[in-house]
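Asks: First the structure, which I've put down as structure tokens, then a few questions once you've had a look.
The values are calculated or read from the model by the stated rules, or taken from the named source; none is laboratory data. Since the structure is predicted, the reported quantities are computational estimates derived from the model, not experimental observations. A quick note on method: Cβ atoms are made from the backbone with ideal geometry, for glycine too, and the neighbour counts reach across all protein chains shown.
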Amino acid sequence: MNQNGPKRPTILMDGRPYELHPSKIVCLLRSYAAHARELNNPIPERPRFFLKPPSSLLQNHGRVVLPEGVGPVHHEVELAVIIGRTGCKVTEASAGDHILGYTVMLDLTARQLQEEARSKGLPWTEAKGFDTFAPVGPIGATRACYDWRGRRVQLKVNGTMRQDGNTDMLLFPIEQMVSSISSVMTLEEGDMILTGTPSGVGPVQRGDALEATIDGLGTLEVTVQ
């Protein structure tokens, strides 16, 4: 994947090592209303999503590499879903059967590249897909042991709180996300879903220390270089 971590990052899932091996990382778009508003974007009427490549994954305590010449890179803390069973056209009622568990992640975004792409009607892949742009937390929790509802979602930069939200603020339940995505593409075992970020996104600089925390999922810590 990238030179700053193992080929396949590993987390502790309910205390046991679990190697991440997604065929794709599916990211929800504007799933927190306040985040949509802070970037002057319309609120979607149903789950909308884009993809990040698995090569963007970064192990906990890794180093985020800021690419040269791309403009500001923004932090976005998110609850991530790990798919445990392959499914296509999954119903909302059965979506939970396809979820292995959850962890905390960051979705780094080259914001200027994203805005330029949006203005020209182009995809966002370049802005989202750089190596190290998907740091993943130290631990996960299986669906049987973890309720995603009512979880505080926070991001600190150099000890200062930047993002502070709650999963109850999500516009769409995770079960609806799984169903909606699987109506378009098969979700395979090991795939990951980034469920969106609360408001407060902002730029990171070289030398910054980032701490992303979600209740019950530990703290993801990375530095920026």
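Asks: Quick one: ASP168 ticks every box in (1) free of Cβ contacts under 8 Å to residues at least 60 places away in the same chain; (2) closer than 13 Å to THR197 by Cβ bar one, so which box is it?
Replies: (2)
Asks: Can I ask one more? So which residues in segment 63-88 are in contact with a strand residue (DSSP E or B) (Cβ under 9 Å, 6 or more places away or on another chain) and over 19 Å from MET192 (Cα atoms), if there are any at all? Even if it seems obvious, please write down each step before you answer.
Replies: Initial filter on segment 63-88 (in contact with a strand residue (DSSP E or B) (Cβ under 9 Å, 6 or more places away or on another chain)): 63-67, 70-88.
The answer is ARG63, VAL64, VAL65, LEU66, PRO67, VAL70, GLY71, PRO72, VAL73, HIS74.
Asks: Looking for something at pLDDT 95 or above and either more than 19 Å from LEU51 (Cα to Cα) or part of a strand (DSSP E or B) (or both) - is there at least one such residue anywhere in segment 179-191?
Replies: At the first step, the residues of segment 179-191 found to be at pLDDT 95 or above are 179-191.
Applying the additional criterion that residues be either more than 19 Å from LEU51 (Cα to Cα) or part of a strand (DSSP E or B) (or both) yields 187.
Yes - at least one qualifying residue is present in segment 179-191.
Asks: While we're looking at this one, here's another question. Can you go through GLY200, GLY159 and tell me which one is at positive phi and within 17 Å of the chain's Cα centre (by Cα)? So that I can check it myself, show each step before the final result.
Replies: Values: GLY159 fails: within 17 Å of the chain's Cα centre (by Cα).
Residue meeting the stated conditions: GLY200.
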